[in-house]
Amino acid sequence: MEKERIGLGRKRRIIVKIGSSSLTHKYTGYLNLRTVEKLARILCDLRNQGMDIALVSSGAIAVGRQAMGFASRPDTTAQKQALAAVGQAKLMMTYEKIFAEYNQSVAQLLLTRDTMLKDQNRNNAKNTFEELFAMGVIPIINENDTVATHEIEFGDNDRLSAIVAALVQADLVILLSDIDGFYTADPHEDPEAELLSLIPEITEELMGMGTSRTSSRVGTGGMAAKLAAARMATDAGADMVIANGADVDNIYRVLEGETVGTLFLAHKNRDFDLIRYMNEEY
């Protein structure tokens, strides 16, 4: 056990992000209900321990695609937005039903970049989060793909997770992805790629290792996006872990201090400004 991981179980406000590829079956694109059920159970268990938990969930377009019979990811923005509208409703209905089995209330928050850039909207969003946490509710967050255009084409929920973490002053972000962590190269193409278990600081050299590729047919966030998210989250004061979402029990393993995935250490920047970071990344 790395000494830097010992304190992860003492975190009190945690943002968990799960990608589309982790929520759906690889060959059919249908929602993986076993994963959704186990994820809900774990998050409810953490909430029962007194932690503030928020879930950033991808999957709206993937679920909408399946519901409407699209064999592949659509090309046009209008199609993506329409499928997101269908899929988000179905996804939330599934979450609502499964979380209710554990007597846990959830809330849906759909955010856009403009929400965060405008002072009044950003403050309203922050206040809503705080009230939900105080009520013991688990917010489920996604980009508002049905009205956004910039985000749906260029954004991703890795960055959104970091933005939410900075907004609510979370102390840990867990990104559940389709890869075991951060590698020195793309492990799907380079057999000598090395998994880095601990990254104390994000350097320019490290940023250069990022790749926009992902092995998933349904995901949008590659390593470049995850590094950008890590830089934002750690500068805001949160540790961040990238772990494989194929086994959502990795959430427990992270909090128990096991060497799972890649841990990016927090190093709060006194001059941190969320708006400046967002403008740099987009």
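Rounding to the nearest 20 debye, state how big the charge dipole of the chain is about its Cα centre with +1 on each Lys and Arg Cβ and -1 on each Asp and Glu Cβ. Working shown, then result.
Values: 30 positive and 39 negative charges, 188 e Å.
In debye, rounded to 20, the chain gives about 900.
Annotation for the stretch 35-119: GluC sites (Glu not before Pro) lying in DSSP loop with at most 11 further Cβ atoms inside 10 Å of their Cβ are 101.
At a 1.4 Å probe radius, carbon and sulfur cover how many percent of the accessible area of the chain?
Roughly 46 percent of what the probe reaches on the chain is carbon or sulfur.
DSSP bridge analysis restricted to the chain gives an antiparallel fraction near 20%, rounded to the nearest 5. Using only the C-alpha atoms, the convex hull of the chain corresponds to 122 Å³ per residue.
Normalised per residue, the accessible area of the stretch 15-71 is 40 Å², obtained with a 1.4 Å probe and no contribution from ligands, DNA or RNA. Over the stretch 20-155, the Kirkwood radius and the radius of gyration, each from Cα atoms, give a ratio Rg/Rh of 0.98. Comparing Cα centroids, the stretch 160-182 and the stretch 55-80 end up 23 angstrom apart.
Please check the chain for the longest run free of trypsin sites (Lys or Arg not before Pro) that are loop-located per DSSP (anything but H, G, I, E, B) and have at most 15 other Cβ atoms within 10 Å.
Details: sites that count: 12, 26, 118, 213, 217, 268, 270.
No qualifying site falls inside 119-212, the longest such stretch.
The values are calculated or read from the model by the stated rules, or taken from the named source; none is laboratory data. Note that this is a predicted model, so its numbers are computed, not measured. A quick note on method: Cβ atoms are made from the backbone with ideal geometry, for glycine too, and the neighbour counts reach across all protein chains shown. Keep in mind that these areas ignore ligands, DNA and RNA; they rest on the heavy atoms of the full protein, side chains included. Shrake-Rupley method; radii C 1.70, N 1.55, O 1.52, S 1.80 Å.
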